[in-house]
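The values are calculated or read from the model by the stated rules, or taken from the named source; none is laboratory data. These numbers come from a predicted model, not from an experiment. Quick reminder, even Gly has a Cβ in these numbers, built from the backbone with ideal geometry, and neighbours come from all protein chains shown. Only protein heavy atoms, including side chains, enter the accessible area calculation; ligands, DNA and RNA are left aside. Shrake-Rupley method; radii C 1.70, N 1.55, O 1.52, S 1.80 Å.
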Amino acid sequence: MTQWVDASTNQDEAVVALADLMRNRVTAVVAGAGMSTDSGLPDYRGTGSSGNPTVDFDLFMSHEKWRRWVWQRNQETWKAVASLTPTPGHRAVAAMQEAGIVNGIATQNVDGLDRKAGIADPALLHGTFDLVDCIQCGTQFDRVEVDAWMRERNPTVHDDADPTHVAILAHVDEDAADASTFDPAPCPRCGGILKPNVVFFGEALPAQAMDLAFRYAREADVVLVVGSSLVVGTGLWVVHEGMQHHAQIAVVNRGPTQVDAYCNLRIEGGASQILVGVARLLGVSVD
């Protein structure tokens with residue numbers, strides 16, 4: 001039977017309930033967009049989602065105009081992501097991982113805040129804004145390095161520092177794509193097509209990241225979902241892996257999730273306040 005707690009009215013009760021569930025157990029964290037909202041990024045899968053379709057992998061590969069548009073939006077907004085700082089929730093997970101309470105995090109986010117917070121070996125289920133891949137030869141490049149190539153070829157493109165404008169995946173906008181004159185740099189090694197490391201719809205998920213996420217879930221006594229509705233199947237598969245190995249399931253999220261009917265603990269609320277409170281109750285200091 002699921003225990004429900006509304007943190008907006010009973011935050012102390014929510015913190016105590018989750019701390020009790022995690023105490024003397026190993027917890028794997030599955031994180032979604034709600035984990036990062038305190039940094040300034042909108043919850044794209046929750047109330048902040050526009051619902052507009054994004055350029056998928058097949059469309060990206062189908063015509064150079066879509067590659068121009070994707071790279072224009074990425075170039076305009078990637079620094080807004082790079083400038084973000086980890087939330088207290090990220091730091092709480094890092095501290096609990098160092099203390100041996102958390103074994104790892106599987107994240108649907110591409111913002112890199114997990115690593116910035118000191119979380120070791122995050123399973124990046126949907127890739128990362130920090131890297132760029134060559135589709136032809138498979139070489140991976142640092143986004144900072146690619147930035148220099150893009151700026152040299154497109155000196156009039158300006159940065160948009162507002163994180164609410166970030167194009168994690170560029171929206172399908174035929175007129176804007178037709179009008180774009182952006183000139184994406186090719187791979188310097190083979191001349192192939194470069195693509196942001198972010199996983200597009202229709203693209204294969206990163207096998208190593210999925211394997212790592214499943215291992216975290218298999219080896220955990222508790223799988224804790226934070227800031228995700230689990231509508232995107234990637235995180236849900238990780239939760240199911242934990243359930244198949246008898247892990248208890250806890251959820252901290254604003255709004256309904258795909259596992260509300262069968263989780264052990266369901267907390268309606270934000271990530272940072274709950275995670276910091278839990279860490280402290282478990283004797284872990286959060287910087």
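Just a few scattered comments:
- Calculated FRET efficiency for the pair Glu145/Thr85, C-beta based, R₀ 25 Å, to 0.05: 0.65
- Given in Å, the Rg to one decimal and the Dmax to the nearest whole number for the Cα atoms of region 1-137 are 18.0, 54.
- Normalised by residue number, the volume inside the convex hull of the Cα atoms of region 94-166 is 125 Å³ per residue.
- Under-5 Å amide H pairs with Trp4, H placed in peptide plane, nonlocal only: Arg266
- Surface listing: His158, His246, His63, His240 arranged by accessible area from highest to lowest gives His246, His158, His63, His240, probe 1.4 Å.
- Amide N of region 227-254 lying under 15 Å from the label point, which is placed 7 angstrom from the Cα of Phe201 along Cα→Cβ: 231-234
- Relative contact order (%) - criterion: Cα under 8 Å, at least six apart; region: region 7-137: 27 percent
- The residues of the chain expose on average 44 square angstrom of accessible surface per residue, using a 1.4 Å probe on protein heavy atoms.
- Debye-formula intensities of the chain, expressed as log10 I(q)/I(0) at q = 0.10, 0.13 Å⁻¹, are -0.53, -0.86 (one equal scatterer per alpha-carbon, no solvent).
- Expressed as a whole percent, the accessible surface of the chain that belongs to carbon and sulfur atoms is 49, based on a 1.4 Å probe.
- Alpha-carbon centroid distance for the pair region 1-39 / region 233-279, whole angstrom: 8 Å
- DSSP beta bridges fully contained in the chain are about 20 percent antiparallel.
- For the set Arg215, Arg189, Arg280, solvent exposure ranked by accessible area (probe 1.4 Å, protein chains only) runs largest to smallest as Arg189, Arg280, Arg215.
- Across region 99-205, the mean sequence separation of Cα contacts (distance under 8 Å, 6 or more residues apart), normalised by length, yields a relative contact order of 31 percent.
- Length-normalised contact order of region 169-287 in % [C-alpha pairs under 8 Å, at least 6 apart]: 17 percent
- Pairs of C-alpha atoms in region 238-287 farther apart than 13 Å represent 63 percent of all such pairs.
- Expected 222 nm ellipticity per residue - DSSP helices of 4 or more, -39500 (n - 2.57), all of the chain, to 500: -11500 deg cm²/dmol
- Taking Gly269, Gly192, Gly112 as the candidate residues, the one with maximal mean-square fluctuation in a Gaussian network model of the chain, Cα springs under 10 Å, is Gly192.
- Percent of Cα-Cα distances greater than 25 Å, calculated over region 161-279: 44 percent
- Dimensions of region 145-204 along the principal axes, based on C-alpha atoms and rounded to the nearest Å, stand at 33, 32, 24, largest first.
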